[in-house]
Amino acid sequence: MNGKVHGYGGKMTLGERLYLGEIFRGLGITIRHVIRNLLHTGDLPTVQYPEERRAYSERFRGRHRLMKREDGTPRCVACMMCSTACPADCIHIVAEEHPDPAIEKAPASFEIDLLRCVYCGLCEEACPCDAIRMDTGIYDLAADSREKFWVDKDFLLNNTTDGTR
Amino acid sequence: MTDLVLTTFLKMAFILAVILGLVPVLIWAERKGSAFIQDRTGPNRAGIAGIRLAGLIHPIADVLKLLFKEDVRPAGVHRVLYALAPFLVFFVSLLTYAVIPFGDYLEVGGRRIPLVVADLDVGILYVLAIASLGTYGIVMGGWASNNKYTFLGAVRSTSQMISYEISMGLALMGLLLVSQSLRLTDVVAGQGVLLWGFLPRWGVVIQPLGAILFMTAAFAETNRNPFDLPEGESELVSGYHLEYSSMKFALFFMAEYTNLVVASALIATLYFGGWNIPWLPRAVIEARAGVLLPLLLAAHVAICALAAALYLRRASRERGRFGDGRDREPGLMAGVCVLLGLAGLAALALRPWEIGPAGASLLATALQVGAFVGKVVFFCWFFIWVRWTLPRFRYDQLMHLGWKVMLPLALANLVLTAVVVALV
Ligand code: SF4
Ligand code: SF4
């Protein structure tokens with residue numbers, strides 16, 4: 001269905017200037033679409049969104065998650081690299097002493113304001129311990145109040161990569 | 001006298017039922033049709049217990065939403081005119097229907113009831129007069145809303161209507177010369193014969209240029225794309241009904257579609273033979289009713305069987321696709337189709353080939369009304385089809401087309417027709 005494309009201000013032929021024939025040509029094109037789509041409803045490119053989802057690249061940056069050590073505590077050492085790198089200033093960390101003397105610090109609280117986040121991934125890159133990742137694949141963020149987008153440490157620790165929350 | 005009143009009311013009820021029943025279907029066709037033209041799926045979500053009817057439930061949801069919406073009245077509106085405008089638009093859009101014949105006659109108990117509400121002998125003049133009244137509602141709505149966008153929409157609407165009404169009237173005059181009558185029933189009856197024995201003497205055959213001009217003008221009169229400048233959402237937000245909400249907006253919206261039905265009915269009546277079925281005049285239907293009716297019933301059964309089979313195939317293909325009530329839909333629809341088919345079979349068992357003369361007359365009437373409604377539905381679809389094919393005119397192009405192209409063409413058509421009619 002590649003029609004001839006005229007440049008702006010190009011000369012039209014007499015047939016095109018009579019307009020009527022071109023109208024019927026256009027009508028023919030649209031009715032072909034209707035009939036094809038009526039006969040093959042299944043082939044429409046539309047994704048039936050909540051039920052069907054488009055497959056995203058593995059590098060897609062979805063909602064963040066905090067990684068865990070083997071014993072289940074956060075891997076984060078509260079070095080503040082991520083919150084320093086964050087252009088949106090939306091990571092808020094309060095550090096505390098870690099019980100294990102081999103580790104210097106741990107986050108007492110780790111909160112992200114997802115409404116301010118621009119999903120740039122700089123936090124991921126800045127982290128020296130690979131403690132924060134954006135590989136959950138979750139992109140449909142919806143809530144009925146702004147407060148619910150202010151997510152805390154427990155929430156982030158429990159985000160998974162399989163698309164469920 | 002009471003008879004006349006009763007039959008008139010029944011005819012009005014029939015027409016109202018058809019038009020108002022068509023409006024939600026048209027809104028659905030507009031959304032679904034545009035979706036298919038643009039390779040989308042269109043409405044398919046709203047449903048009652050999983051029954052979605054390919055989106056036909058959406059208009060119900062729309063109506064409920066509009067009914068319960070707040071009716072906002074902006075500050076500074078002219079209260080009376082603001083409230084009156086949507087009613088006027090809707091009312092006027094229904095008025096034209098009074099003179100459009102939707103069938104030949106209905107024979108009940110030996111009496112023949114003509115199937116037209118008011119068989120005015122100035123029918124076409126009445127149509128033109130009412131068509132120009134429609135502008136008033138738009139102008140009132142646009143002006144009384146106290147908003148410059150609505151006002152601009154109203155101004156555009158007026159200039160457009162005035163420009164295109166002239167060519168519309170002139171195009172119609174050519175038809176008048178041919179049919180020699182202003183009465184719409186005569187115009188339709190005159191289209192029932194064959195030209196040279198094989199071509200239906202439809203308006204479009206003897207007045208092809210007039211038909212094209214009239215249809216173009218009808219598009220302009222109904223403010224449909226490519227002539228929907230009064231609404232022009234790209235520059236006027238949404239034109240004259242911008243400030244309306246809730247049911248007042250719904251009335252404007254419904255008026256657009258009733259106008260569509262009326263314009264389609266006019267095109268069908270004036271140029272496409274009205275209720276005439278080509279090559280199948282009433283006498284033939286009545287004489288051959290014993291063959292036609294069983295054939296029709298058989299076709300009905302076959303179509304039902306085909307539809308049921310398609311639904312069953314879909315049911316088996318899409319089993320458990322959604323995991324809720326929607327999965328039941330194809331099976332249920334297949335059941336409905338089977339029931340309809342069985343009803344057809346039952347009717348076949350009633351010996352339809354022994355249909356009497358009264359029944360034959362009834363069948364002829366039903367077929368003719370069916371043909372008329374079919375033509376109207378086709379032209380409604382045509383309006384929708386054109387809307388999603390063509391881009392909107394620019395304002396100067398619109399005026400250029402109206403005054404410099406259509407008006408001379410309509411005049412030439414009129415002169416030519418007059419010469420031919422005078423010579424023949
Ligand atoms: S993705 Fe970017 S904006 Fe979001 S938290 Fe990380 S650094 Fe900040
Ligand atoms: S997530 Fe990484 S960068 Fe951010 S504070 Fe914890 S260890 Fe540092």
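With +1 on the Cβ of every Lys and Arg and -1 on the Cβ of every Asp and Glu, and nothing else charged, how large is the dipole of region B:127-224 about its Cα centre, in debye rounded to the nearest 20?
Taking the Cα centre of region B:127-224 as origin, the dipole is about 160 debye.
Less than 5 angstrom separates the built amide H of B:Y105 from those of B:L115, all sequence-distant by 5 or more or on a different chain. Set the Cα radius of gyration of region A:58-141 against 2.2 N^0.38 Å, with N its number of residues, and you get 1.08. In terms of its C-alpha gyration tensor, region B:211-261 comes out oblate, because a/c is 1.5 or above while a/b does not outweigh b/c.
Per residue of peptide B:382-393, the mean number of Cβ atoms on other chains within 10 Å of the residue Cβ is 3.
Less than 20 Å from a label point 7 Å out along the Cα-to-Cβ axis of B:R79: which backbone N atoms in region B:125-162 qualify, by residue? From region B:125-162, the list is B:140-147. Measuring spread by the Cα atoms of the protein assembly as shown yields a radius of gyration and Dmax of 32.0, 114 Å. The heavy atoms of A:M80 present about 50 square angstrom of accessible area, all protein chains included, probe 1.4 Å. Quick one: check the C-alpha center-to-center distance for region B:247-299 versus region A:108-165, whole angstrom. Value for the Cα centre distance between the two parts: 61 Å.
Rank-order B:184-196, B:321-333 by packing density, defined as the average count of other C-beta atoms within 10 Å over each peptide's residues, highest first.
Working: B:184-196: 18.2, B:321-333: 15.3.
The peptides rank, most packed first, as B:184-196, B:321-333.
Taking every DSSP helix (H) stretch of at least 4 residues in the protein assembly as shown, weighting each as -39,500 (n - 2.57) and dividing the sum by the residue count yields a mean residue ellipticity at 222 nm of -18000 deg cm²/dmol.
Across the residues of A:43-49, average count of Cβ atoms on other protein chains within 10 Å?
Mean shielding count: 3.
Pairs exceeding a 24 Å alpha-carbon distance, out of A:K105/A:K153; B:K148/B:K404; B:K11/B:K32; B:K11/B:K375; B:K375/B:K404; A:K68/A:K105: B:K148/B:K404; B:K11/B:K32; B:K375/B:K404.
Within region A:26-79, the percentage of alpha carbon pairs spaced more than 16 angstrom apart rounds to 70%. Annotation for the B:A interface, with buried accessible surface near 1700 Å², both sides summed [1.4 Å probe; non-protein components not counted].
Globularity index of region B:231-288 is 1.89 (Cα radius of gyration / 2.2 N^0.38 Å, N = number of residues).
Entry for chain A at q = 0.13, 0.17 Å⁻¹: log10 I(q)/I(0) = -0.72, -1.02, Debye formula applied to identical alpha-carbon scatterers, no solvent contribution. Both radii are taken from the alpha-carbon atoms of region B:313-424; with Rh as the Kirkwood radius, Rg/Rh is 1.24.
Summing charges over all other residues whose Cβ lies under 14 Å from the Cβ of A:L38, with Lys and Arg as +1 and Asp and Glu as -1, gives +3.
Scanning residues 5 or more positions from A:A95 or on other chains, those with amide H under 5 Å from its amide H are A:A108, with H placed 1.01 Å from N in the peptide plane. Computed extension gain for B:A118 through B:A309, at 0.36 nm per residue and net of the alpha carbon distance, reaches 64.2 nm.
Were the residues from B:F91 through B:S245 laid out at 0.36 nm apart, the gain over their Cα-Cα distance would be 53.6 nm.
For the pair region B:47-114 and region B:150-229, the centres of their Cα atoms are 24 angstrom apart. For a modelled paramagnetic label at A:L122, 7 Å from Cα along Cα-to-Cβ, the residues of region A:81-106 in reach, with backbone nitrogen under 13 Å, are A:81-91. Helix A:20-39 and the longest principal axis of the C-alpha atoms of chain A enclose an angle of approximately 50°.
In region B:4-138, the convex hull through the Cα atoms has an average projected area of 13.3 nm², a quarter of its surface area. Taking every protein chain into account, the 1.4 Å probe leaves B:T135 with about 10 Å² of accessible area, to the nearest ten. In terms of the Cα gyration tensor, with a ≥ b ≥ c the square roots of its eigenvalues, is region B:122-205 rounded because a/c is under 1.5, prolate because a/b exceeds b/c, or oblate? Prolate shape, in that a/c is at least 1.5 and a/b is the bigger ratio.
Which value, in Å to one decimal place, does the Kirkwood hydrodynamic radius take for chain B when every pair of different Cα atoms is included? If you can, show how the numbers build up before the last one.
Numbers: mean 1/r = 0.0420 Å⁻¹.
Taking every pair of different Cα atoms in chain B, averaging 1/r and inverting gives 23.8 Å.
The values are calculated or read from the model by the stated rules, or taken from the named source; none is laboratory data. Predicted model, so just to flag it, every value in this text is computed and none were measured. Every residue, glycine among them, receives a Cβ derived from its backbone with ideal geometry; neighbour counts consider all protein chains shown. We work out accessible area using only protein heavy atoms, side chains counted, and drop any ligands, DNA or RNA first. Shrake-Rupley method; radii C 1.70, N 1.55, O 1.52, S 1.80 Å.
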